[in-house]
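Data block below; observations after.
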Amino acid sequence: MVDLPQHLSPSSASAFEGCPRRWRFKYVDRQPEPSGQAALVGSFAHRVLELLCEFPPAERTVDRAKTLAKQAWPEFETDEDYLGLELEDAEARAFRWQAWLSIAGLWDIEDPAKVDVVSTEQKILVDLGSVPFVGIVDRVDRFGGKLVVSDYKSGTLPGPRWRNDKIRQVMLYAAALRQSMGEIPDRARLLYLGQRILDVPVTERRLEDAVGSLTEVWAGIATACTEESFEPRPTVLCGWCPFVEQCPEGRAELARRMDAGSLPAHAPAAALLAVA
Ligand code: SF4
């Protein structure tokens, strides 16, 4: 029997839903899963925007963000995940430019000088139903006196069919805030930097749905841990799985897709198959 994790975060729940075997490699075996370039661009932008919101509203300017980005960079570029990207000079410049576009993209969707920020990067540990939940909320704001949960996104805004997972995640933060602050947030917002804000009213129904799904995933994890059975769930995403070399089903899926011409050439595992 494998020990249950102490807490369940939205990203861990989403990973288990995606592929229990991949979840085991990461959360049970503790094998490192290096952050990809896009995730690291997002991490740097998050860090700078967090620092920006520590300033009084009138001082949250683009110039201030530039200064903060310059100050934060030396520490970030020594991070082992960033070093692991092994970027050439031109690629590193492109990385910094991409990160800056994400940061500056905040002003395309809102004026941070007009936001009443209550907290940033707030860690919350609460029981949501029977699930010991942990989450880090990017930003909690007040608009017109009402509590609003805000989550930065540096990736591309997903199409309507694919938004539910992101909305569920931010609803979990709303449910956790209700528990920890005793106040139900009025709205939950996904801030797609440089694109648009997805602004969703927090309702009892949405909170119940989000907590219900989390409870189901937690039950699935409990069963998998008890039975020590973490099934593979091969999809095109095996092309981005860092554990594919240890997973026969994932490799078979990639070979099948390669033969069918349905494996995107930019999938990191495509190169792996090409040299096999
Ligand atoms: S290769 Fe695919 S099936 Fe195997 S662990 Fe990774 S995501 Fe899951």
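Hey, does region 51-63 have a residue that's touching a Gly at 6+ places or on another chain (Cβ under 8 Å) and either within 22 Å of residue 176 (Cβ to Cβ) or in the same structural domain as residue 136 (by TED's automatic domain parsing) (or both)? The answer is no, given that none of the residues of region 51-63 is touching a Gly at 6+ places or on another chain (Cβ under 8 Å) and either within 22 Å of residue 176 (Cβ to Cβ) or in the same structural domain as residue 136 (by TED's automatic domain parsing) (or both).
From the list 78, 67, the lone residue that is without any contact (Cβ under 8 Å) to a residue 40 or more places away in the chain, under 30 Å from residue 112 (Cα atoms) and assigned to a loop (DSSP other than H, G, I, E, B) is 78. Please verify whether residue 125 is out of contact with any His (no Cβ under 6 Å at 6 or more places or on another chain), surrounded by 21 or more Cβ atoms within 10 Å (Cβ to Cβ) and under 30 Å from residue 220 (Cα atoms), treating the condition exactly as stated. Spelling it out, it is not the case that residue 125 is out of contact with any His (no Cβ under 6 Å at 6 or more places or on another chain), surrounded by 21 or more Cβ atoms within 10 Å (Cβ to Cβ) and under 30 Å from residue 220 (Cα atoms). Residues of region 28-57 being hydroxyl-bearing (Ser, Thr, Tyr) and either in contact with a helix residue (DSSP H, G or I) (Cβ under 6 Å, 6 or more places away or on another chain) or outside any helix (DSSP H, G or I) (or both), which ones? Of everything in region 28-57, just one residue is hydroxyl-bearing (Ser, Thr, Tyr) and either in contact with a helix residue (DSSP H, G or I) (Cβ under 6 Å, 6 or more places away or on another chain) or outside any helix (DSSP H, G or I) (or both), namely 35.
Taken as a whole, the structure places residue 231 among residues that are of a type in the set (Asp, Glu) and touching a Lys or Arg at 6+ places or on another chain (Cβ under 9 Å). Screening region 223-260 for residues that are more than 9 Å from the ligand (Cβ to nearest atom) and among the β-branched types (Val, Ile, Thr) and picking the one that is surrounded by the most Cβ atoms within 10 Å (Cβ to Cβ) gives 236.
Note on region 43-95: residues that are basic (Lys, Arg) and within 22 Å of the chain's Cα centre (by Cα) amount to 1. Checked against (1) within 12 Å of the ligand (Cβ to nearest atom); (2) at pLDDT below 95, residue 39 passes all but a single condition, namely (1).
If the condition is being within 19 Å of residue 13 (Cβ to Cβ) and out of contact with any Pro (no Cβ under 9 Å at 6 or more places or on another chain), then region 135-163 contributes 136, 137, 138, 151, 153, 155, 158, 162, 163.
Go through region 144-167 residue by residue and tally those that are closer than 12 Å to residue 202 by Cβ and in contact (Cβ under 8 Å) with a residue 60 or more places away in the chain. Result for region 144-167: 0. Scanning region 261-270 for residues that are farther than 18 Å from residue 31 by Cα, over 21 Å from the mean Cα position of the chain (by Cα), within 15 Å of the ligand (Cβ to nearest atom) and aliphatic (A, V, I, L, M) turns up 263, 270. Of 178, 205, all but one fail to be within 30 Å of residue 107 (Cα to Cα), more than 16 Å from the ligand (Cβ to nearest atom) and in the same structural domain as residue 137 (by TED's automatic domain parsing); the exception is 178.
For region 51-59, check the following and say yes or no: at least one residue is in contact with a Ser or Thr (Cβ under 8 Å, 6 or more places away or on another chain) and touching a residue at least 12 places away in the same chain (Cβ under 8 Å). Among the residues of region 51-59, at least one is in contact with a Ser or Thr (Cβ under 8 Å, 6 or more places away or on another chain) and touching a residue at least 12 places away in the same chain (Cβ under 8 Å), which makes the answer yes.
The values are calculated or read from the model by the stated rules, or taken from the named source; none is laboratory data. Just so it is clear, the structure is predicted and the values come from calculations on it, not from any experiment. All Cβ positions, even for glycine, are placed from backbone atoms using ideal geometry, and neighbour counts span all protein chains on display.
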